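Down below is the structure, laid out as structure tokens.
The values are calculated or read from the model by the stated rules, or taken from the named source; none is laboratory data. What you see is a predicted model, and the numbers here were worked out from it, not measured in a lab. As a convention, Cβ positions derive from the backbone with ideal geometry for all residues, glycine included, and neighbour counts pool all protein chains shown.
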Amino acid sequence: MTGASPWLAWLAAVLLVAPGARHAAARAWLLAFLATLTLALLVPQLAVWLPLGGIGGPWNGAGPLLVLATTLAVAWMLVQRAGIDWAEMGFTWAQRSGSLRPALAVTGLALVLNLVLSRASGYRLPGVPLQTWLYQASVPGLVEEILFRGVLLALLDRAFVARRRLAGAEFGRGSLVVTIVFGLLHGVQLGTLLGVWPAALLFLWLRVRTGSLLMPVLGHNLWNLSLHLGHL
């Protein structure tokens, strides 16, 4: 998450979920959502002054790993204390019946288009070190999908129960909220609007369509790799 103003995203989250607080049954879930998001924004700051040694190393610093650890801890507490099961947050290998083939097809098409558009942009990277390839192939998808399309989406789906069916998947208000927050955390520049927001919609659709984090994590990391490959 590289947005220049993370607290703008936090403020947007508050404003977007505030109407739901009128319903008593939703309040606890909305508070849990905001608390989890706040932790995810604050925890990376610990990497600046905690004596973490070489935890970060080639993995772009310790911040993402701290966010991942914190998110998993929150997920564990939700399972133990709040009655949410792991599968509800996407922690399952099982894919919804009939979802895997369209998910693979849409992901493949999106990656090809992303690669083609990246090449057509004319922008070129001077060189990508091996540690960057390794990082992009693993960390962003794990950290951001588990946080956004995993824990945060599950909390909001508990708060906002209404659904609308689109492209074979049922979306609620929580889907809109996590997508907007995810996009704002990556910035509001033109490049971000063209590169991150379409990807966020793809990852959301994969998560809701398949019921699992497997395809979103895979698609996220492959999307990042295709961006780097297209700009070589």
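Residues that are exposed (fewer than 15 other Cβ atoms within 10 Å of the Cβ) and under 11 Å from LEU156 (Cα atoms) within segment 7-43 comprise ARG27, ALA28, LEU31, listed in sequence order.
To keep it simple, each residue is scored yes or no on (1) farther than 21 Å from ALA69 by Cβ; (2) of a type in the set (Val, Ile, Thr).
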site: GLY90; (1), (2): no, no
site: GLN95; (1), (2): yes, no
site: LEU113; (1), (2): yes, no
site: VAL161; (1), (2): yes, yes
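Scanning segment 169-190 for residues that are in a strand (DSSP E or B) and of a type in the set (A, V, I, L, M, F, W, C) yields a count of 2. The condition (being more than 20 Å from the chain's Cα centre (by Cα) and at negative phi) is satisfied by just one residue among LEU153, LEU130, LEU147: LEU130. Scanning segment 99-125 for residues that are outside any helix (DSSP H, G or I) and over 10 Å from THR210 (Cβ atoms) gives SER121, GLY122, TYR123, ARG124, LEU125. Of all residues in segment 75-110, those satisfying the criterion of being surrounded by fewer than 18 Cβ atoms within 10 Å (Cβ to Cβ) and under 21 Å from HIS228 (Cβ atoms) are GLY108, LEU109.
Of all the numbered requirements in (1) more than 30 Å from LEU232 (Cα to Cα); (2) surrounded by fewer than 23 Cβ atoms within 10 Å (Cβ to Cβ), THR179 misses one, and that requirement is (1). Cβ-Cβ distances below 7 Å connect the following pairs, each with a first residue in segment 216-232 that is more than 14 Å from SER118 (Cα to Cα), a second residue that is at pLDDT below 95 and assigned to a helix (DSSP H, G or I), and a separation of six or more residues or different chains: HIS220/PRO140; ASN221/GLN136; ASN221/PRO140.
Counting only residues that are closer than 24 Å to LEU72 by Cβ and either free of Cβ contacts under 8 Å to residues at least 40 places away in the same chain or among the basic types (Lys, Arg) (or both), segment 87-146 holds 1 of them.
Return yes when ARG173 is over 29 Å from LEU229 (Cβ atoms), in contact with a strand residue (DSSP E or B) (Cβ under 8 Å, 6 or more places away or on another chain) and either surrounded by 14 or more Cβ atoms within 10 Å (Cβ to Cβ) or of a type outside the set (A, V, I, L, M, F, W, C) (or both) and no when it is not. So ARG173 does not fit the description; no. Taking the conditions exactly as written (over 21 Å from ALA75 (Cα atoms) and in contact (Cβ under 8 Å) with a residue 40 or more places away in the chain), does ALA169 satisfy them or not? Judged against the criteria, ALA169 is a match. Looking across segment 191-232, the residues that are at pLDDT 90 or above and not in a helix (DSSP H, G or I) come down to GLY211, SER212, LEU213.
Take the conditions (1) in contact with a Ser or Thr (Cβ under 9 Å, 6 or more places away or on another chain); (2) part of a loop (DSSP other than H, G, I, E, B); (3) modelled with pLDDT under 95; TRP93 misses just one of them, which is (3).
Exactly one residue out of VAL188, VAL161, VAL177 is of a type in the set (Val, Ile, Thr) and either more than 22 Å from ALA21 (Cα to Cα) or within 10 Å of the chain's Cα centre (by Cα) (or both), and it is VAL188. Taking ARG209 as the residue in question, decide whether it is without any contact (Cβ under 8 Å) to a residue 60 or more places away in the chain and touching a strand residue (DSSP E or B) at 6+ places or on another chain (Cβ under 6 Å). No.
Quick one: is ALA162 closer than 13 Å to VAL208 by Cα and either of a type in the set (A, V, I, L, M) or in contact (Cβ under 8 Å) with a residue 40 or more places away in the chain (or both)? No: the conditions fail for ALA162.
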